[in-house]
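To keep things clear, I will list the structure first and then write my remarks on it.
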Amino acid sequence: MRIVDIRCARIGRSPIIRVLTDEGIDGFAEIEYSKPYVADTLPVYRRLLLGADPTEVERCMLRIRRMGASKPWGAIVSAIEIALWDIAGRALDVPVHRLLGGKVRDRIRVYNGGIRTDLGTHTPEDYAASMAYMAASPEGFSILKEGVGLHGFMAPNTPDFLYGDLREGPLHPNRGFITPSAVSHIVDCVAAMKDAIGPTRRLALDMGPGWVVSDAITVLRALEPFDIAWAEDVLTGDFVPWNDVAGYRELTSSVAVPTHTGEQLYLRQNFRELIEQRAVRVIGPDPGDVGGLAELKWIAEFADLYGVGMAPHGVSSGLLGLAALIQVSATLPDNLIAFEYPLAQDPWWYDILDGFDSPIVVDGFVRVGDRPGLGFEWDRVAAARHLEPGAEDFFDWNLPED
């Protein structure tokens, strides 16, 4: 079997990678909707992989892995790796989790991820309402995550939050020293959220990046009575292309709240020091950014040796990212806590793919299936309707006339 082409097109908002072979077995994967521009680098990877055997996944990755970088620039390498596993599974008629060593669990705990609601003016009452909405969701999550501090839009919606001037724009642009009133506001919002979800659910906090260590210690110590599952990306993280191991180690050793980071990191080498020094209690690599499924599994196993937990990150606008998370999470060691459940942003995604349970999440868990590859099949006619204009050759399937 040989790779004859690699293509990318948007289906709805999601850039989808398709790896084609000379035996007619294709593999698919998804790039996070917020970074479609990384697909512009596809010709480099296509040139390096044409003619390669896609079932020799590691040999293929040795050709392209060094070309990636931290989020967002590892996304296309990661998507290609996932698509290669999809091909290998389909060629052998086994699910990808069998190729990664086999599943060690039949269901996987997930947390809310894409299931959020508007936070209004970011008062404690707004945060309590957000938690009540998530807690009432039919998925039955036992862990619920919300952004506070410098993650999301608490800072620009709260007067006198930073000592410096706030920056405008998405992707968490603010960093610096936090005022005493901001500290009090964060604690009040967390208290309101905990009251809303009750004692049987745990609250996880997405908090940065951008904090200074001293402020982070002050706030996390104040949050210790609230049984926080983890404090995520406090110092560095989402779209920050470096890591602060020393800062995280100082923070982690100073507080009881578990610290968490890693969604932006690419490859095992960038997790090594973080794990070996136990600089955080939990890591959260994203299979769509870290270099793919095998890379994530290696990192999870290495972290398990040091008692570091795993809570993989997962954000997508379609369902292929979810399929990948299920396959790899089924194989991870006992340090797996839960993965972030990505919600399809367009409801028709649930009609164009077959292979997911309905409902997908039951009592806070997803079931691990046994279909070949990533575990799904396209409704070709329905999927073709949602291709971006000008990408009609992406599928090149023989579709019936309208």
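A few comments on the model shown:
- Test: residue in the stretch 188-210 that is farther than 24 Å from Gly114 by Cα and under 23 Å from the mean Cα position of the chain (by Cα): no
- Among the residues of the stretch 19-52, those that are of a type in the set (Asp, Glu) and within 24 Å of Arg268 (Cβ to Cβ) comprise Glu30, Glu32.
- Comparison of Ala29, Ala79, Ala75, Ala69 shows that the only residue that is surrounded by fewer than 20 Cβ atoms within 10 Å (Cβ to Cβ) and at negative phi is Ala69.
- Residue match in the stretch 329-352 (condition: more than 21 Å from Lys71 (Cβ to Cβ), free of Cβ contacts under 8 Å to residues at least 60 places away in the same chain and in contact with a Pro (Cβ under 7 Å, 6 or more places away or on another chain)): no
- Cβ-Cβ contacts under 7 Å between residues 6 or more apart (or on different chains), taken from a first residue in the stretch 283-312 that is touching a residue at least 60 places away in the same chain (Cβ under 8 Å) and not assigned by TED's automatic domain parsing to the domain that holds Ala79 to a second residue that is basic (Lys, Arg) and part of a helix (DSSP H, G or I), are listed as Gly291/Arg65.
- Residue in the stretch 62-74 that is farther than 27 Å from Pro389 by Cβ and of a type in the set (Val, Ile, Thr) present: yes
- If the condition is being of a type in the set (Phe, Trp, Tyr) and either touching a His at 6+ places or on another chain (Cβ under 8 Å) or more than 30 Å from Gly307 (Cα to Cα) (or both), then the stretch 340-383 contributes Trp348, Trp349, Tyr350, Phe356, Phe376, Trp378.
- Output for the stretch 310-350, where each listed residue is in a loop (DSSP other than H, G, I, E, B), farther than 24 Å from Asp206 by Cβ and not acidic (Asp, Glu): Ala330, Thr331, Pro333, Pro347, Trp348
- Among the residues making up the stretch 246-267, those that are part of a loop (DSSP other than H, G, I, E, B) and either closer than 17 Å to Leu336 by Cβ or touching a residue at least 40 places away in the same chain (Cβ under 8 Å) (or both) are Pro258, Gly262, Glu263, Gln264, Leu265, Tyr266, Leu267.
- Qualifying residue in the stretch 187-201 (condition: part of a loop (DSSP other than H, G, I, E, B) and free of Cβ contacts under 8 Å to residues at least 40 places away in the same chain): yes
- Once the stretch 53-66 is narrowed to residues that are hydrophobic (A, V, I, L, M, F, W, C) and touching a Phe, Trp or Tyr at 6+ places or on another chain (Cβ under 9 Å), the residue that is surrounded by the fewest Cβ atoms within 10 Å (Cβ to Cβ) is Ile64.
- Pick from the stretch 19-63, criterion of a type in the set (Val, Ile, Thr) and in a helix (DSSP H, G or I), ranking: nearest to Pro170 (Cα to Cα): Val38
- Scanning the stretch 275-295 for residues that are within 19 Å of Leu205 (Cβ to Cβ) and hydrophobic (A, V, I, L, M, F, W, C) returns Ala279, Val280, Val282, Ile283.
- Taking the criterion of being buried (at least 17 other Cβ atoms within 10 Å of the Cβ) and in contact with an Asp or Glu (Cβ under 7 Å, 6 or more places away or on another chain), the only residue of the stretch 132-145 that qualifies is Lys145.
- Taken over the stretch 149-175, the criterion of being crowded, with 18+ Cβ neighbours inside 10 Å and not charged (D, E, K, R) is satisfied by Gly149, Leu150, His151, Gly152, Met154, Ala155, Thr158, Phe161, Leu162, His172, Asn174.
The values are calculated or read from the model by the stated rules, or taken from the named source; none is laboratory data. Just so you know, these numbers come straight off a predicted model, no measurement behind them. Neighbour counts are summed over all protein chains in view; Cβ atoms, including those assigned to glycine, are modelled from backbone coordinates with ideal geometry.
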